[in-house]
1. What is the gain in length, in nm to one decimal, between A:Asp132 and A:Leu118 on full extension, counting 0.36 nm per residue of separation less the C-alpha to C-alpha distance?
2. If each of A:Val252 and B:Ser122 carries a label point 7 Å out from its Cα toward its Cβ, how far apart are those two points in nm?
3. Quick query: amide H of B:Ala20 versus all other amide H atoms, modeled in the peptide plane; which residues come in under 5 Å with a sequence gap of 5 or more or a different chain?
4. Residue by residue through the range A:40-57, what is 3J(HN,Hα) from phi via Karplus (6.51 cos²θ - 1.76 cosθ + 1.60, θ = phi - 60°)? Round to whole Hz and write x for glycine and proline.
5. Which of the pairs B:Lys61/B:Lys190; B:Lys44/B:Lys103; B:Lys49/B:Lys103; B:Lys88/B:Lys138; B:Lys61/B:Lys126 have their Cα atoms more than 25 Å apart in this structure?
6. I need to check one value: relative contact order of chain A, counting alpha carbon pairs closer than 8 Å and at least 6 residues apart, in percent.
7. Apply the Debye scattering formula to the range B:80-138, with a single equal point scatterer on each alpha-carbon and no solvent, then give log10 I(q)/I(0) at q = 0.14, 0.31 Å⁻¹.
8. Only bridges with both residues in the protein assembly as shown count here: give the DSSP antiparallel percent, nearest 5.
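What follows is calculated from the coordinates using simple rules that are stated; it is not laboratory data. This one's a predicted model, so the numbers in the text were calculated from it and none came from an experiment. Cβ placement follows ideal geometry from the backbone for every residue including glycine, while neighbour counts extend to all protein chains displayed.
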Amino acid sequence: MSIIDTLLNDFFWRALIGGLGVALIAGPLGCFVVWRRMAYFGDTLAHSALLGIALSFLISVPLNVGVIITCVVIALVLVAFSRTRALATDTLLGILAHSALAIGLVTLSFMPDVRVDLTGLLFGDLLAMSRDDLLWIYGGAVVILALLVTLWQGLLMSTIHEELARVEGFPVERLRLVLMLMFSLVIAVAMKIVGVLLITALLIIPAASARRLARTPEHMVGLAMVFGFVAVSGGLALSWHLDTPAGPSVVVTAFLAFLVTYSTTARTAA
Amino acid sequence: MTDPLVTLDNLTVRFDDRPAVDRVNLSVHRGDIITIIGPNGAGKTTLIKALLGLQPVTSGKVQRATGLVIGYVPQNLQMEATLPLSVKRFMALSGRRRSECLKALARTGIEHLANASVHHLSGGEKQRLLLARALARKPDLLVLDEPAQGVDINGQAALYDLIRELRDELRCGVLMISHDLHLVMAATDKVICLNQHVCCSGFPADISHDPAFIDTFGRSVAESVAVYHHHHNHRHNLHGDVVPGQSSSADTHGDSCDHVHH
């Protein structure tokens, strides 16, 4: 118990434990982002997290709660709007992503009493990881992993072929909503480590590296987790020793791992 | 006659006030092979999507028999190359037992590809995989959207033969969309010519003489199909023996066939 306590009292270990927890859920969700071509969508949700932060200060609720709620609302708006087909999806995403980010920044500037570390929010902060954050991360990880295991067959099938999944009786719409909810949750908890601007990178890069080596969907998820671990530990070590910002260091490590994987392996048969 | 597997009752689907499917009545029974033909934009795919519950219906009704298991073969299997997936795994996702999945693969002649990646299949192999997947579900009704797409001519004839055999083995109903008029005419029991509404329907041998069919496809196509049938007024059974052809007049003719153009 005392060892764990000592570890949790050290901010570096707190950041590392938190980062590994984030990698654990960013792996599988990142695979879905890659499989369903939702990279820009993830980016939009991440950007809207800043709006969530501003709103949390405004109505004084915990940051994580405000971020989750804002992300869910934005996700629902996106789904509803993309159905009307008034605008191309990427245009719509571009509008919402940057508007949400801008509104968040403008709102924060109206609150001079609130001291926020903007750089920390945008790019992650090694020092910011509290014990409460760890609870959020691992609580969120348990919920997300439980949902993924339970709904795996349906999520996979509706990703492979939505209409086939629907004819075979999978609740495709509900599964999509659950997936959005999980994205919102992972953004809320990953924000502390890599910052809102770089969350999508932590989702996509490990999954893309894993694709090169994987033969089954589950294999790819497992490898994406491993690549996530590598990125987080490498990035935090870099940040610790060279005093570089945490988020960018994690992403740089993920990118290096990606480059090494792609240059040393041939395309797999699967 | 047994109860129909699925019945469309005055089914209408509109997109922005333009009817894509206009007051279509249709029922599919066990043992039927019904092929929907029609020009591009005739609403063929919309019709079967409405039947499958994938497309909201504007008015009219789709009635499916209770507990109906549908095997659906979509138009083409465009899969995300970032998702590593083997043929075996894709089959297993049907939720059926391994032995049944392998049997279905063997039945469609691609058991040797069980360990291959789905991303490396040819057009014909993909269609057979989709058919095997539908088959593993032991469907009461098989719905196929242009099953022969991307399949060469020899493969097409073999594929339609296979569909007929499966109908006999599973005692299921078959509803499909096809563009290959000649093959359709040879391989199907009943043809429905769709152009938003049902232009005409009936046995293949007779429908090519139907004025509505000639209107829809043009005289040259209708004649080429008719000529084809003149030379092939018999059928082969599964062993290749000649069996007497069916002769009967087109059994229905859409009564809304006045072809008013807006």
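1. Values: separation 14, 0.36 × 14 = 5.04 nm, distance 2.01 nm.
Full extension from A:Asp132 to A:Leu118 adds 3.0 nm.
2. With each label point 7 Å from Cα toward Cβ, the separation is 5.1 nm.
3. The list, which skips near neighbours in sequence, is B:Val13, B:Arg14, B:Phe15.
4. So the J values, rounded to whole Hz, are 5, 4, x, 4, 4, 4, 5, 4, 6, 4, 5, 4, x, 5, 4, 5, 4, 5.
5. Numbers: B:Lys61/B:Lys190 22 Å; B:Lys44/B:Lys103 31 Å; B:Lys49/B:Lys103 28 Å; B:Lys88/B:Lys138 17 Å; B:Lys61/B:Lys126 33 Å.
Exceeds cut-off: B:Lys44/B:Lys103; B:Lys49/B:Lys103; B:Lys61/B:Lys126.
6. Details: 398 pairs, mean separation 81.8, N = 270.
About 30 percent, as a whole number.
7. -0.30, -1.42
8. Values: 23 of 40 bridges.
Counting DSSP beta bridges with both partners in the protein assembly as shown, the antiparallel share is about 60 percent.
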